[in-house]
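Visitor: The structure under discussion is supplied below as structure tokens; questions concerning it will follow.
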Amino acid sequence: MTPPEGGSAQSTTRWLEPILAVGLFVASLTINSGEEWHYMWAIDLLTCVGAAISYRWPLAGALAGAAGLGAWLLVPDVVPSAGALAVLINVMAAFRQNLRWKVPLSVALAALGYLVLVMRAIRNPADHWATAAVLVLLLALAIGSGELGRRWQRLVGLERERASAALDRFRLELARDLHDTVAQTLSATAMRAHLALAEPGVPEAVRADLEWMTQECRSSAHDLRELLGRLRRGPALPGVQPLASLDTLRATVAEQAERLRVAGFQVQADVEIARLSAARAQALSAVTVEAVNNIVRHARPGTACELRLADRGEHVVARFTNVAGPASMRSPIPPAGMGLTGVRERLALLGGDCEYRLDGRGWTLAARLPHGVEQV
């Protein structure tokens, strides 16, 4: 897979090929300073320019490098310059980018390099094998350097993504927990104070305090939700939906169902819910994402799976099923991963629970949440 262009890890190493090409060009000028043919620098310049642009424009760089290398075959009685080795930079860049045509490019440049740097440059046929061995070694070093560079770029990119994702998850978790606790408590307190005002015989002093309490709780809850909204803003995490509403839950289920279809599964998805609090919509969205993660990891593509969420009166029930693979059938104990642990903890915060079991031929993750005060 080719790394995405414009990544931060790639941008930091984009100047590697130009630096190497300039260094080789300067070295070749120094080496060739005493040669009788004074136009070697022009061919070296073409080859090194092709090497310098090989990361940003791989095809153009390969063509320029091949043209510069092949030009030595047209110059009689002149030993090729060391600048011809710049084509190895093209090979390194191709492997750094993991281009689809990196192997044909390496073979073509290696064959052309053999003709120029071995057959053309070495007068004594007995020395051909030794020179060819050196060329193969340099080619292997270029390929190895490209592979190591690609893996290093990927590791750096993954570490940065992991750190950014951890920060975003912390921010979202903090916003969710504050909403589930403080914001809902303020709303519930305001509601109770409002109901108390409707009782007959409430003294005027108490009534004034209750009105003040109602107004302050509502105002504080509004301000807190505004702050939580700002806290949740930022780069969206793949598969993570912000705390919102029933529509958000439906969008998450549809998105995860499409994700399963793209992965090759046969999917049935239903959301039969007419009312749901924001906190419960957020919790069930996260449970849906984790359930789909498990299906993608452990189930066999092409099999059937279901995502069903329904209102059962006092509770909302979510059931996620998939056909068990052979490995799961041999070991009927559900994996105790951090994902399922997080699902249980998230549901428990809202008075819910879940179970994960092998039922017949398939796994079932069943989550149950009681309705809360806020139902929209």
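Visitor: For region 270-308, give me the residue count where each residue is open to solvent by less than 30 Å² (accessible area, probe 1.4 Å) and assigned to a strand (DSSP E or B).
Guide: Residues flagged as open to solvent by less than 30 Å² (accessible area, probe 1.4 Å) and assigned to a strand (DSSP E or B) within region 270-308 amount to 2.
Visitor: Now, a different point. Report yes if Arg100 is under 42 Å from the mean Cα position of the chain (by Cα), assigned to a helix (DSSP H, G or I) and surrounded by fewer than 21 Cβ atoms within 10 Å (Cβ to Cβ), otherwise no. I'd like the intermediate steps shown before the answer.
Guide: Numbers: under 42 Å from the mean Cα position of the chain (by Cα): yes; assigned to a helix (DSSP H, G or I): no; surrounded by fewer than 21 Cβ atoms within 10 Å (Cβ to Cβ): yes.
No; evaluated as a whole, the condition is false for this residue.
Visitor: Hey, does region 215-236 have a residue that's under 25 Å from Ala318 (Cα atoms), part of a loop (DSSP other than H, G, I, E, B) and either at pLDDT 70 or above or touching a helix residue (DSSP H, G or I) at 6+ places or on another chain (Cβ under 6 Å) (or both)?
Guide: The answer is no; no qualifying residue exists.
Visitor: Of everything in region 147-200, what is closer than 30 Å to Ala94 by Cβ and either open to solvent by 70 Å² or more (accessible area, probe 1.4 Å) or aromatic (Phe, Trp, Tyr) (or both)? Give them in sequence order.
Guide: Scanning region 147-200 gives Leu148, Arg151, Trp152, Arg154, Leu155, Glu159, Arg160, Glu161, Arg162.
Visitor: Given the criteria among the aliphatic types (A, V, I, L, M) and open to solvent by 30 Å² or more (accessible area, probe 1.4 Å), does Leu69 qualify? Before the answer, list the steps.
Guide: Working: among the aliphatic types (A, V, I, L, M): yes; open to solvent by 30 Å² or more (accessible area, probe 1.4 Å): no.
Judged against the criteria, Leu69 is not a match.
Visitor: Arg120: more than 30 Å from Thr30 (Cβ to Cβ) and surrounded by 13 or more Cβ atoms within 10 Å (Cβ to Cβ), yes or no? Please lay out each step first, then the result.
Guide: Working: more than 30 Å from Thr30 (Cβ to Cβ): no; surrounded by 13 or more Cβ atoms within 10 Å (Cβ to Cβ): yes.
The answer is no for Arg120.
Visitor: Are there any pairs, at least 6 apart or on different chains, whose C-beta atoms fall under 8 Å, with the first in region 259-287 and farther than 16 Å from Gly351 by Cβ and of a type in the set (Lys, Arg) and the second modelled with pLDDT under 90 and part of a loop (DSSP other than H, G, I, E, B), and if so, which?
Guide: Short answer, once both residue conditions are applied: Arg259/Gly239; Arg275/His371; Arg275/Gln375; Arg275/Val376.
Visitor: Within region 122-174, how many residues are over 27 Å from Leu16 (Cβ atoms), aliphatic (A, V, I, L, M) and touching a residue at least 60 places away in the same chain (Cβ under 8 Å)?
Guide: Count: 2.
Visitor: Taking the criterion of being open to solvent by 80 Å² or more (accessible area, probe 1.4 Å) and among the small types (Gly, Ala, Ser), would at least one residue in region 30-45 satisfy it? So that I can check it myself, show each step before the final result.
Guide: Going through region 30-45, the residues open to solvent by 80 Å² or more (accessible area, probe 1.4 Å) turn out to be 30-31, 33, 35-39, 41.
Next, from what is left, pick out any that are among the small types (Gly, Ala, Ser): 33.
For region 30-45, residues open to solvent by 80 Å² or more (accessible area, probe 1.4 Å) and among the small types (Gly, Ala, Ser): present.
The values are calculated or read from the model by the stated rules, or taken from the named source; none is laboratory data. Quick caveat, the model's predicted, so the values are computed rather than measured. Glycine also receives a Cβ, built like all others from the backbone with ideal geometry; neighbour counts cover every protein chain displayed. With ligands, DNA and RNA removed, areas are computed over all heavy atoms of the protein, side chains included. Shrake-Rupley method; radii C 1.70, N 1.55, O 1.52, S 1.80 Å.
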